[in-house]
Structures are given as C-alpha cells and as structure tokens.
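A.B. asks: Below are the structure tokens for one structure; questions will follow.
The values are calculated or read from the model by the stated rules, or taken from the named source; none is laboratory data. Because the structure is predicted, anything quoted here is derived from the model rather than measured. Methodologically, a virtual Cβ is constructed for each residue, glycine included, from the backbone with ideal geometry; neighbour enumeration extends over all protein chains shown.
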C-alpha cells in the first residue's frame, strides 16, 4: 500500500467515502491533499459516474481529474451482503465515513448515521444531501443547478433580460467546502474531547449561507437586488466597460476617496465629485444610467492599457476581463509556482493547482488520480483476503 505522506497535518487519518459526482469528492480530495488516506468506494463496471461526464483530459473526465487526486479506488457492489461486509471491515479501521448517495440509499443498506454510530462509535459519519436528512424535501433529488434555482441564485445572475446559472458547480462546491470544514472540526473535537460528532451538510443550506447578503437586502427593502450583468447591484460605478481597442476592463469604486480620484484623474471631471446625483454610494446607484453614460464615454476614447494605467495611478482596483485561456496563463500563478504535475490513468500527467490555503512548512500531497478499482486488490490483501478469495469475489461480480 502507498505510505502515508509524513509531516502532513492529516497523516494517519483514514477516510472511507462512498461518493459520486462533485460535492463529496471535493470534500475528500481536500482531506487527501493534507495527507489523509482516502479510500474511494466505486461501483463495479464503471465507477463514479463523474468519470463519464466528459473525456476532455486525455480521455478522462475534467470533473474527475479535478476532484479525485491522491485517492485509492476500490470497486465494491454494496447491494450485496459480501460487498457490505468488506465495507464494514474498512469502516472498522477508519476515522471518517463520507457519503452522498441518493436520498435514503445509505439508510437502506445500513449506512445511515444512527446505525453507523451504534456499530462504530469512534467513526465520524458525514452525509451530504440535497435538502437535508429531515424535512419535507428529504427524499428529493438535488443537482447543482436545481439548488441554484431553489436558493434564488439564478434569479440574481445574468442580464436584466435573462437569468443565468453560475458557470461552475457552485452549490456542490459550497456543500463540499462545508463538509470539509465540518469534518476537520469533528476530528479536532474527537482529538481534544473524545466526543464523536456526526457531520451533516445539505447543498441547499450550504448555498443558502452564501445568499446571505441578497437575502438581507430583500427582506429589509422589499425587493431583491436587480440583475445587472457584470455591473454590481448595490455599488456604482462597478462593472465592465469597453475600451477604444475593443478590450473590456472591469473596475470598482467603493469609497468616497476612490470616487474623487476617479473624477479628478480618470474622468477629468472634478465637478462630478460633489454633483448631488453622484455624491454618495446610494445616489450613484440611483443614477446608475447617467453615471454609466459618463464612464462609458471615457473608456471608449482610450485603449485598455492606458485605462488600466490611469486607474492604477488613481489607486482604483481594476482588471482586464480574462477568458479561461488567459487564466491558465496567468502570471500570478506562474510566478508563485502554483502548478504541479499530477499523474492520471493511462500514464499521462496533467497540471493541477496547489490547494489555496498555504500552511507554512507543509507541501500538500499532489498524488495520482486513480483508475476505477486500481487499489482493490491491495486493499483487500491488507484486510487479509487471499488471492484466491479475491478472485472468487471478482467471479461473483462483487468487485
């Protein structure tokens, strides 16, 4: 078996995860980055269905490559008694169990939180669901875009004419982040007090937390923030403007000092500083169209490099509007050495970004993305199964 990386914060912690898609794999990959041993249990005959979302990364799924480095893959049919027995053997040695199966599926096969606590009192169970384990929507399936819709996020995103989804799996990522932090908290609690606290996260409640600002705004004004495209619903000027060379620049004015600097040094219109239409943040939002006409005209008469130079000199935050190719070549990522090569199935390597939280003196593990079932035989051997017994399990299609 692979050795646990030494000197990583979670070295010695074992996580067993019956996971699929995005939320749970995102949580457990971050645990693996910090040295936890993550055993990913997949379906025989194909594994995690996220492996087949696309074939863009040398034949592998972009989702799967992103979410599953540094894990060990075991294929196991959990619909069979023999398969569940093997899982129980793994859980008896584990610190954490993570699952994001369809509603009710974990409980039906004896993997619900209460049942696990009875059989494995030191195990920290973590369940990730769509709408929570209780309540009127407990049995309802939830995918990322459905949750974006249910939290109202889609109604806040897009242009005035048309709402839009966020372009990444933001509900899944939110759920995975809270599962990750919840597991770390539970591990700390167990280590310091001996108490074992199960962790439960729903995608809906995770994303609901991120909707806090528009929720307060709507509750106390009686109307929700408008969709304004790349503008900001409650700050002006704040958004993307097109320059004379056709390139877009985003900038933001968030203080009165910045507003004065914009008027005097960029707009060349110092009289606007105290213009009653624009003399405060709320006034500028109320007169957004008039303000945008002035700002748009100024950007249209200068090229993007000059516009950003002038904004920089005025100490006003700004940036060109990148596409993903621009992001991949970003000088900050290159200069700070954020890319590492990670092996994927088939013998290729791909660049992956280091985790964003740097711990002094700690280099995260950036291990290989496993093939489906790649570690099945060594894991079973570790549990005491002989080659003949493993072959028998394969013949019975348990593995």
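A.B. asks: Inside the range 341-373, can you point out the residues that are touching a strand residue (DSSP E or B) at 6+ places or on another chain (Cβ under 7 Å) and farther than 19 Å from residue 33 by Cα?
C.D. replies: 372, 373
A.B. asks: Regarding the range 282-305, can at least one residue be identified that is crowded, with 18+ Cβ neighbours inside 10 Å, touching a strand residue (DSSP E or B) at 6+ places or on another chain (Cβ under 7 Å) and closer than 27 Å to residue 356 by Cα?
C.D. replies: No, the range 282-305 contains no residue that is crowded, with 18+ Cβ neighbours inside 10 Å, touching a strand residue (DSSP E or B) at 6+ places or on another chain (Cβ under 7 Å) and closer than 27 Å to residue 356 by Cα.
A.B. asks: Out of all the residues in the range 144-167, which are free of Cβ contacts under 8 Å to residues at least 24 places away in the same chain, in contact with a helix residue (DSSP H, G or I) (Cβ under 9 Å, 6 or more places away or on another chain) and in a loop (DSSP other than H, G, I, E, B)?
C.D. replies: Once the filter is applied, which keeps residues that are free of Cβ contacts under 8 Å to residues at least 24 places away in the same chain, in contact with a helix residue (DSSP H, G or I) (Cβ under 9 Å, 6 or more places away or on another chain) and in a loop (DSSP other than H, G, I, E, B), the range 144-167 yields 164, 165, 166.
A.B. asks: If you go through the range 30-39 one residue at a time, do you hit one that is assigned by TED's automatic domain parsing to the domain that holds residue 83, at positive phi and surrounded by 15 or more Cβ atoms within 10 Å (Cβ to Cβ)?
C.D. replies: Yes - at least one qualifying residue is present in the range 30-39.
A.B. asks: Give the range 158-171 a look and list any residue that's closer than 22 Å to residue 22 by Cα and surrounded by fewer than 20 Cβ atoms within 10 Å (Cβ to Cβ), or say none.
C.D. replies: Listed by number, the residues that qualify are 164, 165, 166, 167, 168.
A.B. asks: Let me ask another. Identify the single condition in (1) touching a strand residue (DSSP E or B) at 6+ places or on another chain (Cβ under 8 Å); (2) at pLDDT below 95 that residue 5 does not satisfy, given that it satisfies every other one.
C.D. replies: Unmet condition: (1).
A.B. asks: Shifting gears a bit: Considering only the range 366-390, state which residues are touching a helix residue (DSSP H, G or I) at 6+ places or on another chain (Cβ under 6 Å) and in a loop (DSSP other than H, G, I, E, B).
C.D. replies: If the condition is that a residue be touching a helix residue (DSSP H, G or I) at 6+ places or on another chain (Cβ under 6 Å) and in a loop (DSSP other than H, G, I, E, B), then 369, 383 are the ones that fit.
A.B. asks: Quick one: is residue 111 outside any helix (DSSP H, G or I), under 23 Å from the mean Cα position of the chain (by Cα), in contact (Cβ under 8 Å) with a residue 24 or more places away in the chain and under 23 Å from residue 131 (Cβ atoms)?
C.D. replies: no
A.B. asks: Here's a follow-up. Starting from residues that are in contact (Cβ under 8 Å) with a residue 40 or more places away in the chain and within 22 Å of the chain's Cα centre (by Cα), keep the ones in the range 322-355 and report whichever is surrounded by the fewest Cβ atoms within 10 Å (Cβ to Cβ).
C.D. replies: Taking the candidates together, the pick is 355.
A.B. asks: Right, here's the next one. Looking only at the range 117-126, count every residue that is outside any loop (DSSP other than H, G, I, E, B) and without any contact (Cβ under 8 Å) to a residue 40 or more places away in the chain and tell me the total.
C.D. replies: Counting residues in the range 117-126 that are outside any loop (DSSP other than H, G, I, E, B) and without any contact (Cβ under 8 Å) to a residue 40 or more places away in the chain gives 2.
A.B. asks: Which residue, of 313, 374, 382, is crowded, with 18+ Cβ neighbours inside 10 Å and touching a residue at least 12 places away in the same chain (Cβ under 8 Å)?
C.D. replies: 374
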